[in-house]
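**Q** Mind looking over this structure? Questions follow.
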Amino acid sequence: MAPAHERYDHEKYDDIKRKLRKLKKLEMKIRFPGINFQESNQMRIINSWKVRLVWDDFFDLHEGSKKNVKYPINRLVSMNKNELREVINEYFYNVYYRYYRENGMTDMQLYNPDILTEMGLPMDADSHEIKKKFRELAKKYHPDTGGDSEKFIELMEKYRSLFKKDK
């Protein structure tokens, strides 16, 4: 019989995998209402649309996989409850951001979570926080202050894309 801590890790691993599968189904229900995902034909339809789930960028359930995802299963198993909660919050922010964009709801005050992360901002950053961080990074990267001009141009493009009307 395996020691108690190994059984616990295995139980946590199975529990996380089960919950992640539920998240995937929930994302499909949110983004594609009216489609019954219990039928395998419906999933083939989604695949034929060449739509990528946010889930596919975030999670991988295969231990030791080389797939490039934000949160592989091994990393998730090592997290505590609060860290897992933050991952799930980040995931749902991304799901709804994608849903709003796909459905033309660009007047929502949601900013591209990938750009916010690259700038070192939280997903729920408001325009004031974004502008403040932009000014801080602009001073750092501006060529006149000894910064990297390529990084400065990249920062300018990211900042502009956050505030475009058609996000």
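Any read-out appearing in this document is the output of simple, stated calculations on the displayed coordinates, not a laboratory observation. Being a predicted model, the structure only gives us computed values, none of them experimental. Heads up, the Cβs are rebuilt from the backbone with ideal geometry, glycines too, and the neighbour counts pull from every protein chain shown.
**Q** Using a 10 Å cut-off around each Cβ, can you sort His128, His62 from fewest to most neighbouring Cβ atoms?
**A** Details: His128 8, His62 11.
By the 10 Å Cβ count, ascending: His128, His62.
**Q** Which aspartates and glutamates have a Cα less than 16 Å from the Cα of Lys24, not counting those fewer than 8 places away in the same chain?
**A** Excluding near neighbours in sequence, the set is Asp14, Asp15, Glu39, Asp56, Asp57, Asp60, Glu90.
**Q** Could you sort the peptides 76-82, 114-120 by per-residue average Cβ neighbour count (10 Å cutoff), highest mean leading? Mind showing how you got there, number by number?
**A** Values: 76-82: 12.1, 114-120: 14.7.
Result, highest mean first: 114-120, 76-82.
**Q** Name the residues whose placed amide hydrogens come within less than 5 Å of the amide hydrogen of Phe59, ignoring near sequence neighbours (fewer than 5 apart) on the same chain.
**A** Answer set, sorted by chain and number: Lys70, Tyr71.
**Q** Further question: Convert 4 °C to kelvin, take the viscosity as 1.567 mPa s, use the Kirkwood radius over C-alpha pairs of segment 113-162 as Rh, and evaluate the Stokes-Einstein diffusion coefficient in µm²/s, rounded to a whole number.
**A** Working: Rh = 10.9 Å.
For these conditions, the coefficient is 119 µm²/s.
**Q** Take Val54, Val69 and order them by how many other Cβ atoms sit within 10 Å, fewest up front. If you can, show how the numbers build up before the last one.
**A** Working: Val54 24, Val69 15.
So the ranking, lowest neighbour count to highest, is Val69, Val54.
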